[in-house]
Amino acid sequence: MSSDRALIEVRKLTVDYVGEHSVARAVNGINFDIREGEAFGLAGESGCGKSTVAFALARLTRLPGLVSGGQVRLNGEDVLKFDKARLKAYRWNEVSFVFQSAMNALNPVIPVSEQIMDVIETHQPELGKEGARARAVELFELVGIPPKRLDDFPHQFSGGMRQRICIAIALALKPKLIIMDEPTTALDVVVQRDIIEQIVDLKNKMGFSVLFITHDLGLMIEFCDRIGVMYSGELVEVAPAESILTAPQHPYTRALGNSFPPLTGPRVRMEGIAGTPPDLRSLPQGCRFAPRCPYAMEVCRTDAPQLRTYPEQRSQAACHLLN
């Protein structure tokens, strides 16, 4: 159950990718909070900046990426100003990561037990090898894998089990926030549901928050408390999950929802989103979605809309149609 107290506060976060002759602004001064015990989702098309935000929150941005502005505050501390010692304590202890591809995230030539124990021994050396292994056994039981398989190699597990192992590693030090970047990619729908149900169960038991990133808006609506919709490096809407489903405010959010087929009810014709996202090195003036928006007005092509709060919908949205 989430509270109203913010765990992570993101303010004017800006991330650039610097090329030899150009700069692409992948994240353009976005603001949002993740509350204690909350599952917060980031949705949007490929290239909209979701993973870039996640890497910035975990301080994993690497060149040519550059966090060029803003703040990421954890209980009042600015994560972007942490020194090496504070950063070491921050990662895994306070924020952990479940990467997109479980097979690539796990070292194929090292037994799974060593990979889990390495995290525990690095951050809690006082436990020793026996204590670290006991904790690894607990984690396997927690994610529903028989502990007798602890010394197997990653290739001996199915895709779903490898993803559970990644979740176990992320939970090793009982962090406050787990960032999950496309955690169900390449898994069939049955395994996807099992993984999501297990994450929900663990979140309820342990009380951690989740930043959940996926292309699957339907899956996100089922799992998340609130959802932020990104387009071309900007947040265009932030709202409770049920509002995103039943009363989306921004035309892009509506178009994104209409791109996913419903699992129940009569068959209806699906409508894709015309056009393509803009080149981040050469952005249009005004609203970035205007060239693809069927409702675009003259003001949309000249003035960029600001993210505003609409209390009656309990949402925020950036669209001139709402003014």
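Side notes on the structure shown:
- The stretch 31-54: number of residues that are surrounded by fewer than 24 Cβ atoms within 10 Å (Cβ to Cβ), among the acidic types (Asp, Glu) and touching a residue at least 60 places away in the same chain (Cβ under 8 Å): 2
- Whichever residue in the stretch 132-154 is part of a loop (DSSP other than H, G, I, E, B), touching a residue at least 24 places away in the same chain (Cβ under 8 Å) and not β-branched (Val, Ile, Thr) and, among such residues, is farthest from Asn104 (Cα to Cα): Gly144
- Considering residues of the stretch 308-323 that are of a type in the set (A, V, I, L, M) and surrounded by 17 or more Cβ atoms within 10 Å (Cβ to Cβ) only, the residue farthest from Pro240 (Cα to Cα): Ala318
- Filtering the stretch 155-172 to residues that are surrounded by fewer than 18 Cβ atoms within 10 Å (Cβ to Cβ) and either part of a loop (DSSP other than H, G, I, E, B) or of a type in the set (S, T, N, Q) (or both) leaves Gln156, Ser158.
- Cβ-Cβ distances below 6 Å connect the following pairs, each with a first residue in the stretch 238-255 that is farther than 15 Å from Thr309 by Cβ and without any contact (Cβ under 8 Å) to a residue 24 or more places away in the chain, a second residue that is charged (D, E, K, R) and surrounded by fewer than 23 Cβ atoms within 10 Å (Cβ to Cβ), and a separation of six or more residues or different chains: Pro248/Arg254.
- Test result for Arg288, among the charged types (D, E, K, R), in contact with an Asp or Glu (Cβ under 8 Å, 6 or more places away or on another chain) and within 28 Å of Asp33 (Cα to Cα): yes
- Cβ-Cβ under 7 Å pairs, at least 6 apart or on other chains, the stretch 273-295 side of a type in the set (Lys, Arg), far side at pLDDT below 90 and assigned to a loop (DSSP other than H, G, I, E, B): Arg281/Ser22; Arg292/Ile273; Arg292/Ala274; Arg292/Gly275
- Strands (runs of 3 or more DSSP E) completely within the stretch 197-273 that count 3 or more residues being closer than 18 Å to Leu57 by Cβ and of a type outside the set (D, E, K, R): 209-213, 226-231
The values are calculated or read from the model by the stated rules, or taken from the named source; none is laboratory data. Source: prediction; values computed, not measured. No Cβ is skipped: glycine too gets one built from the backbone with ideal geometry, and neighbour counts run over all protein chains shown.
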